[in-house]
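Chemist: Can you keep this structure in mind? I'll have questions shortly.
The values are calculated or read from the model by the stated rules, or taken from the named source; none is laboratory data. Quick caveat, the model's predicted, so the values are computed rather than measured. Backbone-built Cβ (ideal geometry, glycine too); neighbour counts: all protein chains shown. Note: areas computed on protein heavy atoms with side chains; ligands, DNA, RNA excluded. Shrake-Rupley method; radii C 1.70, N 1.55, O 1.52, S 1.80 Å.
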Amino acid sequence: MIRLTSIHKAYDPHASGPVLSDASLGIESGEFVAILGKSGSGKTTLLNIIGGLDRDYRGQAVVDGRELKRMKDRELSRFRNRTISFVFQTFNLLPHLSCEENVAFPAYFGDVVPHRQIGVRAREAMERVGIVHKASAYPNTLSGGERQRVAIARAIFQRPKILLADEPTGNLDSASGQHVMNLFLELNRKDGVTVMLVTHDEHLAALAHRIVRIADGRIVGEEKTA
Amino acid sequence: MRAGKLAAVILQNVRRNRKNFIFSTIGITIGVSVFSFFIALTVGIREEVLNRIYPVDLIEVEPASVSIAGTRSNVERIGFNPEGVAVLEGIEGVARVYPKLRSHFQATYRMGGQLFGSQGVTFEAYFDGLDDGLLRGELEKSAGRRSGKTMKDRLKARYGRQHRCYEAEDCTPGEECVQGLCRPIEYGSLFADHSEHIPCKGEEVCADGYGCVAGRCLELCAGGEECGSSQQCFAPGCQVDAQCGSGQCKEGRCTVSVCLPSCTGGCPAGMECVPESCSADEDCRDGTCVTGRCTLAGTCTHVRCVQNQVEKELMANPDLRRGEIPGLCEDGTPQAANGTCPPARCPASTYCSVQSYFRPGYLWQDRRGEGRCELPIPVVLNPIVLELFNMVLKSTLERTQLGTLDTLLGYGGSVTFGHSFYKDTVKDRTPVEKRLVVVGYSNKALEAGVTMPMSFVERANARYKGKGATRQYDSIILQLAGAEHLPNVLARLEQFNIQLSRRSAEAEKFRTVLLVAIAIFFIMASIILAIAAINITHTFLMVIYERKREIGILRAVGATKMDVRLLFLGESLLIGAAGGAAGNAIALGLSEAADFLANRYIGDFPFQPDTFFHFRPEWVAASVAFALFFSLLGAFFPANRAAGMDPARTLTLA
Ligand SMILES: Nc1ncnc2c1ncn2[C@@H]1O[C@H](COP(=O)(O)OP(=O)(O)O)[C@@H](O)[C@H]1O
Ligand SMILES: [Mg+2]
């Protein structure tokens with residue numbers, strides 16, 4: 001599903017060292033992989049490359065059978081719209097839209113969801129994460145945990161194959177974090193969504209199928225969990 | 001991204017940031033309102049004021065007062081005669097050419113009390129002549145437009161309830177009896193030379209080719225087919241040589257022949273068929289000789305009449321219509337108890353035209369009272385006349401203004417040829433009084449007088465100024481196929497030894513001034529809009545900086561670079577559209593206010609329009625297009641910058 005080969009990335013050529021160097025990684029369809037590493041180790045950079053948001057790197061990234069670098073902006077945008085989706089540490093919801101509108105927002109940029117089903121599907125996704133009672137609320141009235149659930153609902157609205165979560169629990173208390181984590185596990189288990197979860201929390205990482213450790217832009221180890 | 005979805009997202013953004021939107025719109029609004037307001041004003045002044053005084057598609061040319069030929073080579077001289085007219089007709093963009101002939105002798109008008117208060121007024125007459133055939137088509141067309149604005153009106157006029165009639169008296173004033181039914185009079189069709197009788201005493205007062213025969217100037221002919229379609233060449237009967245002009249009277253017949261209306265096909269109103277006298281069938285051109293008269297051949301002669309009480313009343317109050325004088329019959333006898341009258345001598349629409357003799361101090365006193373039935377001389381007015389007339393009515397006489405142009409149709413007055421308030425210059429001091437009837441309006445007509453059929457003016461000129469009266473046209477009016485041909489036609493006219501009439505030259509100057517004004521407003525509006533565009537750039541850059549992260553979110557959920565660009569360009573189009581709409585609305589509001597103030601504080605003046613503003617759809621569209629263009633221009637750079645943003649970077653910003 002995801003195959004990275006010798007990814008090299010440096011923001012500033014004059015900087016001390018590259019952000020990612022010779023990173024290679026393979027993830028199968030339906031896997032739940034945790035990326036574990038300290039802050040600044042290059043986890044987000046790696047995720048942005050896989051998600052097609054960052055195209056400025058050396059090496060090869062093949063996602064869902066397609067070499068990302070070869071894709072034009074149009075195709076790549078379509079890919080982001082329907083094949084993958086992101087969940088961010090800072091939620092990244094649009095403040096001027098209600099929760100339901102936020103969830104359905106990706107529908108504006110593609111036609112995966114037929115026009116008449118948009119409302120139904122948005123509610124379905126919200127039901128899934130248990131936030132449907134806040135459908136018409138605005139993000140700034142919600143708690144962190146609730147906001148993240150809205151973000152997850154948006155991420156699953158288009159029924160993507162891959163979910164990229166960048167420290168989704170980083171801004172949450174442990175109870176909310178646990179709740180969010182359970183959602184990811186359920187999505188992976190029931191819907192077969194491939195999940196890549198970036199975290200620096202060993203306990204959460206332990207819930208994944210596999211842990212990939214990253215330090216200073218290098219993949220330093222992989223281990224299967226029980 | 002589909003257009004509908006794009007629009008939805010744009011609207012979300014606008015709704016969220018109304019303040020920015022309105023702020024950006026203000027500049028555009030001001031620019032557009034300046035543009036629309038002043039363009040509407042210049043167009044309005046051109047349409048409402050200038051074009052009414054100087055119609056765009058008419059140019060009048062005159063012979064150059066100073067020879068231009070001296071200062072310039074290759075000048076093609078054209079005469080003010082039929083050949084010159086033909087040359088002018090050949091110019092591209094000239095639709096029609098109307099030669100004009102001015103009156104070259106003196107006359108006075110008399111207008112009745114109905115329009116001017118109880119006394120009526122007499123004033124110096126100015127008139128000119130235009131080809132009746134050319135003008136008639138235009139008059140009939142405009143009459144049709146006036147009387148039948150909608151299909152319903154036309155159907156009503158055609159099939160609606162109509163009164164049966166035998167003659168015009170059975171119908172209401174303004175109607176005539178056509179085939180037993182009352183119909184509105186088609187005044188335009190009356191504009192024709194009805195060969196009104198202008199008496200003469202000697203040969204010298206008739207135009208070239210005319211002779212003073214049977215007491216009037218008639219076209220001489222040799223007995224062939226040279227007379228006009230409804231005329232025939234006859235040798236009129238006579239008693240003495242004096243009746244035969246340059247010829248003699250032999251055996252009761254003149255030795256010269258003249259063109260006279262023939263009886264075949266009937267005679268015009270006020271004329272009757274006088275059969276030719278004969279002694280044998282051979283004397284008759286048509287038919288046989290029965291008891292000394294030909295059965296078919298004859299000439300149309302004006303019906304002789306005696307001026308009766310009604311005629312006198314009509315002369316004194318020329319704006320009264322026949323049959324409107326209370327208690328009196330057509331022939332002046334009192335009406336019977338049941339209001340009926342015996343038939344009149346002169347048929348409806350004609351009057352008894354008598355000769356009056358000029359006696360110093362006793363003007364109008366000595367009328368012999370004998371005359372001939374004639375149609376009134378049809379005259380066409382320039383709409384300007386009505387405008388000035390209304391002014392006088394309102395401000396000086398404090399009478400109500402005439403509503404529309406139609407109001408004067410059918411009214412008349414009388415004209416006395418050969419009489420003047422100034423020093424007399426006419427050869428023959430026998431004044432002739434004729435009635436006039438207004439039959440239509442044309443902007444080609446004389447602005448300070450009335451316009452008559454040209455052939456009549458020609459005859460009258462000859463009659464009062466003698467054979468030497470110029471046979472040249474005084475000016476020529478060019479009707480253009482459209483205002484857009486003006487420059488081309490003016491350029492061509494330069495090649496001839498002619499000049500624009502003072503009015504046309506003035507109009508040219510005004511038009512140039514207005515053109516310059518439009519250009520200035522255009523530049524002014526452009527500058528304001530350019531500033532507005534810069535303002536939009538500024539605002540958008542700010543907004544984009546603020547919404548950096550959002551742009552990243554958009555890209556993360558599948559927006560392409562083009563989508564992002566279109567979102568901002570679309571928003572700017574909305575700004576342009578809103579500014580365009582608001583600007584035009586403001587301009588409209590300001591124009592209403594300006595009109596109101598003008599009406600209130602400037603007061604009445606001639607040609608005062610209802611509004612000084614004309615919002616032409618094409619200019620309004622242009623103003624909106626302008627607004628859209630400048631908004632897009634302003635948003636172009638920021639939109640590109642937003643599209644080019646690195647989504648990964650904007651999203652990872654803390
Ligand atoms: N836009 C950027 N420009 C320059 N350096 C960056 C940028 N984004 C991240 N970095 C640097 O790259 C390294 C890796 O960052 P990141 O992938 O965000 O790490 P992580 O997500 O593991 O905390 C860090 O040293 C960070 O300072
Ligand atoms: Mg990170």
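Chemist: How many residues are more than 18 Å from B:A192 (Cβ to Cβ) and modelled with pLDDT of 75 or more when one looks only at region B:122-145?
Modeler: Here the count works out to 5.
Chemist: Then there's this: Please go through region A:40-66 and pick out each residue that is in a loop (DSSP other than H, G, I, E, B), near ligand 1 (Cβ under 8 Å from one of its atoms) and either at pLDDT 95 or above or under 17 Å from the mean Cα position of the chain (by Cα) (or both).
Modeler: Of everything in region A:40-66, just one residue is in a loop (DSSP other than H, G, I, E, B), near ligand 1 (Cβ under 8 Å from one of its atoms) and either at pLDDT 95 or above or under 17 Å from the mean Cα position of the chain (by Cα) (or both), namely A:G42.
Chemist: Condition check: at pLDDT 85 or above and of a type in the set (A, V, I, L, M). Does B:I476 satisfy that?
Modeler: Taking the combined requirement at face value, the residue satisfies it.
Chemist: Can you tell me how many residues within region B:2-59 are away from every other protein chain (no Cβ under 14 Å), in a helix (DSSP H, G or I) and open to solvent by 20 Å² or more (accessible area, probe 1.4 Å)?
Modeler: 16
Chemist: All but one of (1) within 16 Å of ligand 1 (Cβ to nearest atom); (2) assigned to a loop (DSSP other than H, G, I, E, B) hold for A:G30; which doesn't?
Modeler: With (1) within 16 Å of ligand 1 (Cβ to nearest atom); (2) assigned to a loop (DSSP other than H, G, I, E, B) applied to A:G30, the lone miss is (1).
Chemist: Within region B:528-550, can you find the residues that are within 11 Å of chain A (Cβ to nearest Cβ) and part of a helix (DSSP H, G or I)?
Modeler: Matches in region B:528-550: B:R549, B:E550.
Chemist: Also: Could you go through region B:554-564 and let me know if any residue there is in a helix (DSSP H, G or I), open to solvent by less than 60 Å² (accessible area, probe 1.4 Å), in contact with a helix residue (DSSP H, G or I) (Cβ under 9 Å, 6 or more places away or on another chain) and more than 14 Å from every other protein chain (Cβ to nearest Cβ).
Modeler: no
Chemist: Across region A:187-215, what is the total count of residues that are of a type in the set (G, A, S) and within 13 Å of ligand 1 (Cβ to nearest atom)?
Modeler: 1
Chemist: Additional query: Working only within region A:24-59, note down all residues that are of a type in the set (K, R), surrounded by fewer than 23 Cβ atoms within 10 Å (Cβ to Cβ) and in contact with a Leu (Cβ under 9 Å, 6 or more places away or on another chain).
Modeler: A:R55
Chemist: While we're on this one: Every residue in region A:149-180 that is away from ligand 1 (no atom under 16 Å from the Cβ), in contact with a Gly (Cβ under 9 Å, 6 or more places away or on another chain) and more than 22 Å from A:G30 (Cβ to Cβ), please.
Modeler: A:R149, A:L172, A:D173, A:A175, A:S176, A:G177, A:H179
Chemist: Looking only at region A:162-202, which residues are hydroxyl-bearing (S, T, Y) and either open to solvent by less than 10 Å² (accessible area, probe 1.4 Å) or outside any loop (DSSP other than H, G, I, E, B) (or both)?
Modeler: Once the filter is applied, which keeps residues that are hydroxyl-bearing (S, T, Y) and either open to solvent by less than 10 Å² (accessible area, probe 1.4 Å) or outside any loop (DSSP other than H, G, I, E, B) (or both), region A:162-202 yields A:S174, A:S176, A:T194, A:T199.
Chemist: When you scan region A:171-187, do you find a residue that is within 14 Å of chain B (Cβ to nearest Cβ), within 16 Å of ligand 2 (Cβ to nearest atom) and not hydroxyl-bearing (S, T, Y), even just one?
Modeler: Within region A:171-187, one or more residues are within 14 Å of chain B (Cβ to nearest Cβ), within 16 Å of ligand 2 (Cβ to nearest atom) and not hydroxyl-bearing (S, T, Y).
Chemist: Hey, does region A:70-87 have a residue that's within 16 Å of ligand 1 (Cβ to nearest atom) and in contact (Cβ under 8 Å) with a residue 12 or more places away in the chain?
Modeler: Yes: region A:70-87 contains one or more residues that are within 16 Å of ligand 1 (Cβ to nearest atom) and in contact (Cβ under 8 Å) with a residue 12 or more places away in the chain.
Chemist: Give the number of residues within region A:19-71 that are in contact with a Gly (Cβ under 6 Å, 6 or more places away or on another chain) and away from ligand 2 (no atom under 16 Å from the Cβ).
Modeler: Residues meeting the conditions: 3.
Chemist: Taking the criterion of being within 14 Å of another protein chain (Cβ to nearest Cβ) and surrounded by fewer than 17 Cβ atoms within 10 Å (Cβ to Cβ), would at least one residue in region B:587-606 satisfy it?
Modeler: No.
Chemist: Between A:T194, A:T199, which is closer than 23 Å to A:S24 by Cα, touching a strand residue (DSSP E or B) at 6+ places or on another chain (Cβ under 8 Å), β-branched (V, I, T) and away from ligand 2 (no atom under 16 Å from the Cβ)?
Modeler: So the residue among A:T194, A:T199 that is closer than 23 Å to A:S24 by Cα, touching a strand residue (DSSP E or B) at 6+ places or on another chain (Cβ under 8 Å), β-branched (V, I, T) and away from ligand 2 (no atom under 16 Å from the Cβ) is A:T194.
Chemist: Follow-up question, since we're still on this one. Restricting to region A:30-66, what's the tally of residues that are more than 10 Å from chain B (Cβ to nearest Cβ) and either touching a residue at least 24 places away in the same chain (Cβ under 8 Å) or among the hydrophobic types (A, V, I, L, M, F, W, C) (or both)?
Modeler: So the count comes out to 23.
Chemist: Scan region A:2-10 and give yes if some residue there is open to solvent by 30 Å² or more (accessible area, probe 1.4 Å) and within 16 Å of ligand 2 (Cβ to nearest atom), otherwise no.
Modeler: no
Chemist: Taking region A:97-112, which residues are at the interface with chain B (Cβ under 7 Å from one of its Cβ atoms) and free of Cβ contacts under 8 Å to residues at least 12 places away in the same chain?
Modeler: Listed by number, the list holds a single entry, A:Y108.
Residues checked against (1) of a type in the set (S, T, N, Q); (2) surrounded by fewer than 22 Cβ atoms within 10 Å (Cβ to Cβ); (3) part of a helix (DSSP H, G or I):
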site	(1), (2), (3)
A:K69	no, yes, yes
A:S77	yes, no, yes
A:R80	no, no, yes
A:S85	yes, no, no
A:T90	yes, yes, no
A:L93	no, no, no
A:H96	no, yes, no
A:V103	no, no, yes
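Chemist: Being within 13 Å of ligand 1 (Cβ to nearest atom), crowded, with 17+ Cβ neighbours inside 10 Å and assigned to a loop (DSSP other than H, G, I, E, B): is that true of A:S21 here?
Modeler: no
Chemist: Is one or more of the residues making up region A:114-127 within 14 Å of chain B (Cβ to nearest Cβ), outside any helix (DSSP H, G or I), modelled with pLDDT under 95 and under 26 Å from B:V564 (Cα atoms)?
Modeler: yes
Chemist: To continue, here is another question. Taking only region B:607-648 into account, find how many residues are free of Cβ contacts under 8 Å to residues at least 40 places away in the same chain and within 14 Å of chain A (Cβ to nearest Cβ).
Modeler: 1
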